[in-house]
Amino acid sequence: MSELLELNILPSPKTVEESLVAETTSEDVVRRIHTLKEELRDKVVILGHHYQRDDIVQFADRTGDSFELARYASELYDREFIIFCGVHFMAETADVLSGDNQKVILPDLKAGCSMSDMARAEQVYDVWDEIGEQLDTAKLCPITYMNSSAAIKAFCGEHGGAVSTSSNNKALFEWAFSQGFEKILFFPDQHLGRNTAFYQMGIPLEQIRLYDQTKPLGGLTPEELRSAKILLWRGHCSVHQHFQSSHPNIMRALYPGIQVLVHPECNFDVVRQADKVGSTAYIIKTVEQAPPGSMWAIGTEHHMVNRLRKEHPEQFITTLAPYACECSTMFRISPESLLDILENLKRGVVKNQISVEASEKKWARVALERMLEVTRKAQ
Ligand code: 13P
């Protein structure tokens, strides 16, 4: 299996202690944010992804996984400003799903997502044309993980496809086949795609092919392309790639009885060894519902794991890796950047607005609404 894994060069991760040192906010900043939130409460809602630091989560009106936050954004019509404490693709999604009278703000414009950057729209168009020389693309459904640009979401919408997240990927794959599509092209996270297709849907690995967009015909033979049911873009999450196949056994040896609970962006071999797999919301729910004394080694972003540890002292919770797997772009959203946004709004200035172009918005909305509808029916 190892040739399937993308263990690229790993940046040296921080220790757990180093990662938490930076999370200290002055009382003055905390007080000013609370005051401004109160003054602007009829106009502003603050959304926070589960990977945000504690010193941001404390100000969030709603927290959630990427699916839940997208749904909130589509329902919060009474607030003029949605301050999105997350990363760029999430704020774009909120802009697509919110009303024309609303404005979405990302407190730090550098809060991007390296996985999302692994699929550029032009590359996707080229790959589509390249595949089209071999296959009838009318039978190929493009599905994009939420972690992608609005342009790619629009491409999927326009070509009969949809968006998915880690909490509903299986439902979206099943939906695609139920619409008569014979194959799925999934981007950008190869791991989520492979884990869903193999572990949740039982599709054999010979029918799940990595389509390496940097190689002619994805590095596949025409026959491999024709026999595949799922084609996976070569992309991955820079945080979850730190979890390695040796970690579950190390944790089980260190802490007998511990359960391994991981996000499906972890690689195939890590997921194979896990006791439970699911989105950030699933991981939180699983811990919340577990009895006292439960032991968990969790394979996902370190700030969320650390928050769970603090909230559940009756359980033993540790990260699956022996170092802090931090999402450095999520971490860019700081109390200071949030305060700056609120102070500007108070003065009537909208800073860091995220606006998706009208031409992309229409079809991106179609792709996202398909996801909302399919998920609603599957629940
Ligand atoms: P969730 O959908 O579980 O919130 O995951 C989002 C994400 O970007 C994980 O890296």
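The values are calculated or read from the model by the stated rules, or taken from the named source; none is laboratory data. For clarity, every value in this text was computed on a predicted model and none was experimentally measured. Note that we place each Cβ from the backbone using ideal geometry, even for glycine, and neighbour counts take in every protein chain shown. SASA here: full protein model, heavy atoms, side chains in, ligands and nucleic acids out. Shrake-Rupley method; radii C 1.70, N 1.55, O 1.52, S 1.80 Å.
Among the residues that make up segment 56-64, is at least one of them more than 16 Å from the ligand (Cβ to nearest atom), open to solvent by less than 40 Å² (accessible area, probe 1.4 Å) and either without any contact (Cβ under 8 Å) to a residue 40 or more places away in the chain or among the polar types (S, T, N, Q) (or both)? Can you show your working first?
Step one: of segment 56-64, the residues more than 16 Å from the ligand (Cβ to nearest atom) are 58-59, 61.
Narrowing further to those that are open to solvent by less than 40 Å² (accessible area, probe 1.4 Å): 59.
Subset that is either without any contact (Cβ under 8 Å) to a residue 40 or more places away in the chain or among the polar types (S, T, N, Q) (or both): none.
Looking through segment 56-64, none of the residues is more than 16 Å from the ligand (Cβ to nearest atom), open to solvent by less than 40 Å² (accessible area, probe 1.4 Å) and either without any contact (Cβ under 8 Å) to a residue 40 or more places away in the chain or among the polar types (S, T, N, Q) (or both).
Would you say Lys215 is open to solvent by 50 Å² or more (accessible area, probe 1.4 Å) and within 16 Å of the ligand (Cβ to nearest atom)?
It is false that Lys215 is open to solvent by 50 Å² or more (accessible area, probe 1.4 Å) and within 16 Å of the ligand (Cβ to nearest atom).
Just the residues that are farther than 17 Å from Gln315 by Cβ and without any contact (Cβ under 8 Å) to a residue 60 or more places away in the chain, please, taken from segment 246-285.
Across segment 246-285, the qualifying residues are Ser246, Asn249, Ala253, Val270, Gln273, Ala274.
How many of the residues in segment 244-280 are crowded, with 19+ Cβ neighbours inside 10 Å, within 16 Å of the ligand (Cβ to nearest atom) and not in a loop (DSSP other than H, G, I, E, B)?
6
Among Ile82, Ile56, which is the only one that is part of a strand (DSSP E or B) and at negative phi?
Ile82
Among the residues of segment 168-177, are any in contact with a Pro (Cβ under 8 Å, 6 or more places away or on another chain) and either open to solvent by 10 Å² or more (accessible area, probe 1.4 Å) or of a type outside the set (D, E, K, R) (or both)?
Within segment 168-177 (the criterion being in contact with a Pro (Cβ under 8 Å, 6 or more places away or on another chain) and either open to solvent by 10 Å² or more (accessible area, probe 1.4 Å) or of a type outside the set (D, E, K, R) (or both)), the answer is yes, since at least one residue qualifies.
Just give me the residues in segment 85-107 being within 18 Å of the chain's Cα centre (by Cα) and either open to solvent by 30 Å² or more (accessible area, probe 1.4 Å) or closer than 13 Å to Ser355 by Cα (or both), in sequence order.
His88, Phe89, Met90, Ala91, Glu92, Thr93, Ala94, Asp95, Val96, Leu97, Leu106
Please enumerate the residues belonging to segment 299-338 that are in contact with a Lys or Arg (Cβ under 6 Å, 6 or more places away or on another chain) and either open to solvent by 60 Å² or more (accessible area, probe 1.4 Å) or more than 16 Å from the ligand (Cβ to nearest atom) (or both).
Of everything in segment 299-338, those that are in contact with a Lys or Arg (Cβ under 6 Å, 6 or more places away or on another chain) and either open to solvent by 60 Å² or more (accessible area, probe 1.4 Å) or more than 16 Å from the ligand (Cβ to nearest atom) (or both) turn out to be Ile317, Arg332.
Testing Cys85 on (1) in contact with a helix residue (DSSP H, G or I) (Cβ under 6 Å, 6 or more places away or on another chain); (2) at pLDDT below 95, one condition comes back false. Which one is that?
Looking at each condition in turn, Cys85 falls short on (2).
Does segment 77-86 contain any residue that is within 13 Å of the ligand (Cβ to nearest atom) and of a type in the set (Ser, Thr, Tyr)?
No: segment 77-86 contains no residue that is within 13 Å of the ligand (Cβ to nearest atom) and of a type in the set (Ser, Thr, Tyr).
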